[in-house]
Amino acid sequence: MTGRVLVLGLWCVAACGGGADRASRAERDGEAGAGGAGATIYGSICITCHQATGEGLPGTFPPLAESPVVQGPAELPIKIVLHGLVGRMDRGGSTYNAEMTAWGVALTDQDVADVLTYVRSQFGNSAAAVTAAEVATIRAATASRESPFTTEELGIVH
Ligand code: HEC
């Protein structure tokens, strides 16, 4: 009996760490069902512009579906979600020149990892999962950034 309580206690030290943050994500998971945390975050934030299909709105919001940027090295989509994006970009025959706001304050490293893992595996996309550690590294490396990245400096105009 005592042994069992101890085991449960140890399990919780390993699995329950992170406190309130993790608890709220578990709640969201519950609401989202099988889709997981990434689907929930997509459905409450990104969907407004990039749409349920991931196809965006031609000329206004670019598609995440089959985007080379979404599926390329994780560094670029992480930078975009943390700090936002501005400037011209050509995607699938349409030109976009708008601004995406930064989500780095609203979303934890784990949130960013979850939502990007989701978009990299949905809408016909196929790319590796993103980890919270990758997000933390890029967050630290870009901590002094106060304005959105430009499509030119990220080299993603075309
Ligand atoms: C209020 C609208 C809006 C929301 C919400 C939004 N985006 Fe964006 N997103 C944009 C716009 C506009 C652009 C293009 C900016 C430009 O023209 O330079 C963009 C571009 C992107 C790109 C680059 C795509 C490419 O092919 O280069 C990625 C990746 C991206 N968004 C991911 C996300 C994710 C993930 C979320 C949710 C956390 C999200 N966006 C939420 C408007 C939005």
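Counting only residues 5 or more places away or on other chains, whose amide H sits under 5 Å from the amide H of Arg145 once H atoms are built in the peptide plane?
Distant-sequence amide H within range of Arg145: zero hits.
What number, in percent, do you get for the relative contact order of the stretch 20-154 if the mean sequence gap of Cα pairs under 8 Å and at least 6 apart is divided by its residue count? Kindly include the intermediate steps, with their values, before the conclusion.
Working: 199 pairs, mean separation 33.5, N = 135.
Answer for the stretch 20-154 is 25 percent.
Pull up the DSSP beta bridges for the stretch 20-154 and report the antiparallel fraction as a percent, rounded to 5.
On the way: 8 of 10 bridges.
So the antiparallel bridges in the stretch 20-154 amount to around 80 percent.
Can you pull the Rg over Rh of the stretch 20-154, Cα-only, Kirkwood?
Working: Rg = 14.2 Å, Rh = 15.0 Å.
Result: Rg/Rh = 0.95.
Read-outs throughout are calculated quantities, based only on the coordinates presented, and are distinct from any laboratory measurement. Quick caveat: nothing in here was measured; it's all calculated off a predicted structure.
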